[in-house]
Amino acid sequence: MKPLVIRSALVASIGGLVFGFDTAVISGTTEQLKAYFQLSDAYLGWAVGMALLGTILGALVAGKPADRYGRKPVLFVIGILYLAGALGSAFAHDIVTLEIFRFLGGIGVGAASVCAPIYTAEIAPAKVRGRLVGLVQFNIVLGILLAYLSNTIVRAVVNDETSDWRWMFGVMAIPAAIFLLMLFTVPETPRWLMANGQEQKGRETIAKLTTSKEEADFQIQEIDASLAAAENAPKVPFFTKGHAKVIMLAFMIAMFNQMSGINAILYYAPEVMKRAGASTDAAFQMSIAVGFMNLVATMAALTVIDRIGRKKLMIIGSIGYIVSLGFMSALMFYYEKALGGAFDSTSSFLVLAGLLVFIAAHAFGQGAVIWVFISEIFPNRIRGRGQSFGSLTHWVFAWLTSTFFPPVIGGLGGGVAFAVFAIFMVGQLVWVLKVMPETKGVPLEEMEAKLGLTHDPNDSGDPLAAKGH
């Protein structure tokens, strides 16, 4: 593998790392933000959710400029948004300014969720594409762990209740700046170049990325075939009766992903631990354990997803969700109702145990499966729009759960909050057992027939449009 391939994939994966860091860094700041800006539980949820509103916008708008201006220029804009979001949040002196810069950073996160995997997939030779695209997902989870570690270190070193949160946000400027600087060392993708009238430059880039003429010729043929297949795809309507089944499959897996409570719990992990009786320092240290478990379980899932299949991972994950969320709900009800809120060190470690099982269930099941599954089920003629639809659904429900988690847990208690998530996960288990198809080992060309989809063959005007690439 050429060094340029590795460097290009690493640059895109750093974009994923900052994505993960931005997602989780807020978890260490919620209590101080609430005190510093004198926020109610509901307003805290709104302030935290502003970044997720940004991700929705970023995921919605990133595709067109990436197609028009190139993948690399959009990655530059994402890096600038990351940097502005980090520094602007760190220096904010009123809640509106903080919300604006968190929103801008969120746009970067949403755009990165679309562009970073595309860039990696288009820059990587076919034989290593899966591993290198997986590197983006791995780095998102690594970024979450690093955010928890960074928050804990900042709290220990700065130790100032009025400014810890500024440093926590500001630290993100470091990987964002590295990401921007490294972008100058990597090329535009050959597929975009060849699709936009720069065939010679695209061929030259392929020569730099491949190790032999045979590999280069194969990649050129692959790009030509995919461009031919995609030529008329935008003319195909998306919301049709024939596509209803896969649209609903994508909606359900994305909706269930967030109704597990994963983003809400990642965002408020230290707060949940403190509510369960942990000291502030212990809560931050416990959140590192949650991030580490997320990383380990993600790595484990990626090693077996093609061996045991998507559906089995979802079944295992669903059972783990129900057990862990049910346990935490019962524990919270017991301490909140029976003991009148008398949480102690024992309750905090019991909740930590429940959170670790929960995060392992998520990373091994939904976390590993969702984007693979969505990318497989849509026919080629609507695959890009299907991926965007799944991403949009995911971010909308992420915003809903994260925005309403603080007022629910503040007003009704942790028992109710975890019980709601547990009920949804019972629904997910039923859906997986009764509805979700297994897509392991099914060629993309055959997926349409397996799922029983119907379409008008004249829709695309292109005999290649039904083929995967």
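The values are calculated or read from the model by the stated rules, or taken from the named source; none is laboratory data. This is a predicted model, so every value here is computed, not measured. Reconstructed Cβ throughout: ideal geometry from the backbone, glycine too, with neighbour counts over all protein chains shown.
Please note which helices (runs of 4 or more DSSP H) are completely contained in the stretch 61-146 and include at least 1 residues that are in contact (Cβ under 8 Å) with a residue 12 or more places away in the chain and of a type in the set (V, I, T). Spell out the reasoning first.
On the way: elements: 63-69, 71-90, 95-123.
Qualifying helices (runs of 4 or more DSSP H): 71-90, 95-123.
Please verify whether the stretch 357-369 includes one or more residues that are assigned to a loop (DSSP other than H, G, I, E, B) and touching a residue at least 24 places away in the same chain (Cβ under 8 Å). Explain how you work it out, then say what you get.
Residues of the stretch 357-369 assigned to a loop (DSSP other than H, G, I, E, B): 365.
Still in the running and touching a residue at least 24 places away in the same chain (Cβ under 8 Å): 365.
Yes, there is a match, as at least one residue in the stretch 357-369 is assigned to a loop (DSSP other than H, G, I, E, B) and touching a residue at least 24 places away in the same chain (Cβ under 8 Å).
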Lone unmet requirement of (1) closer than 30 Å to G365 by Cβ; (2) not assigned by TED's automatic domain parsing to the domain that holds V396 for H243: (2)
Some residue of the stretch 96-106 being small (G, A, S) and within 22 Å of V171 (Cβ to Cβ): yes
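Hey, among F343, F349, which residue is part of a helix (DSSP H, G or I) and among the hydrophobic types (A, V, I, L, M, F, W, C)?
Working: F343 fails: part of a helix (DSSP H, G or I).
Step by step, each of F343, F349 is checked, and only F349 is part of a helix (DSSP H, G or I) and among the hydrophobic types (A, V, I, L, M, F, W, C).
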Any hit, the stretch 300-318, residues being over 30 Å from A449 (Cα atoms) and under 23 Å from the mean Cα position of the chain (by Cα): yes
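Okay, residues lined up against (1) in contact with a strand residue (DSSP E or B) (Cβ under 8 Å, 6 or more places away or on another chain); (2) among the acidic types (D, E); (3) in contact (Cβ under 8 Å) with a residue 60 or more places away in the chain; (4) outside the structural domain of N257 (by TED's automatic domain parsing):
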| site | (1), (2), (3), (4) |
| --- | --- |
| A278 | no, no, yes, no |
| D281 | no, yes, yes, no |
| V290 | no, no, yes, no |
| M293 | no, no, yes, no |
| A297 | no, no, yes, no |
| I305 | no, no, yes, no |
| S324 | no, no, no, no |
| S329 | no, no, yes, no |
| M332 | no, no, yes, no |
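Listed here are the residues, each with its yes/no results for (1) under 23 Å from G320 (Cα atoms); (2) over 24 Å from the mean Cα position of the chain (by Cα); (3) touching a residue at least 60 places away in the same chain (Cβ under 8 Å).
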residue: E336; (1), (2), (3): no, yes, yes
residue: S345; (1), (2), (3): no, yes, yes
residue: I382; (1), (2), (3): no, no, yes
residue: F397; (1), (2), (3): yes, no, yes
residue: G414; (1), (2), (3): yes, yes, yes
Cβ-Cβ under 8 Å pairs, at least 6 apart or on other chains, the stretch 170-193 side under 10 Å from S8 (Cα atoms), far side assigned to a loop (DSSP other than H, G, I, E, B) and not polar (S, T, N, Q): E188/G70; T189/G70
Within the stretch 390-445, tally of residues that are surrounded by fewer than 17 Cβ atoms within 10 Å (Cβ to Cβ) and touching a Phe, Trp or Tyr at 6+ places or on another chain (Cβ under 6 Å): 0
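I need the helices (runs of 4 or more DSSP H) fully contained in the stretch 225-320, keeping only those with at least 2 residues that are at pLDDT 90 or above.
On the way: elements: 244-259, 262-267, 269-275, 280-308.
The helices (runs of 4 or more DSSP H) meeting that bar are 244-259, 280-308.
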Qualifying residue in the stretch 182-190 (condition: touching a helix residue (DSSP H, G or I) at 6+ places or on another chain (Cβ under 8 Å), acidic (D, E), closer than 30 Å to E215 by Cα and not in a helix (DSSP H, G or I)): yes
From the options F37, F19, residue that is touching a residue at least 60 places away in the same chain (Cβ under 8 Å) and within 25 Å of G79 (Cα to Cα): F19
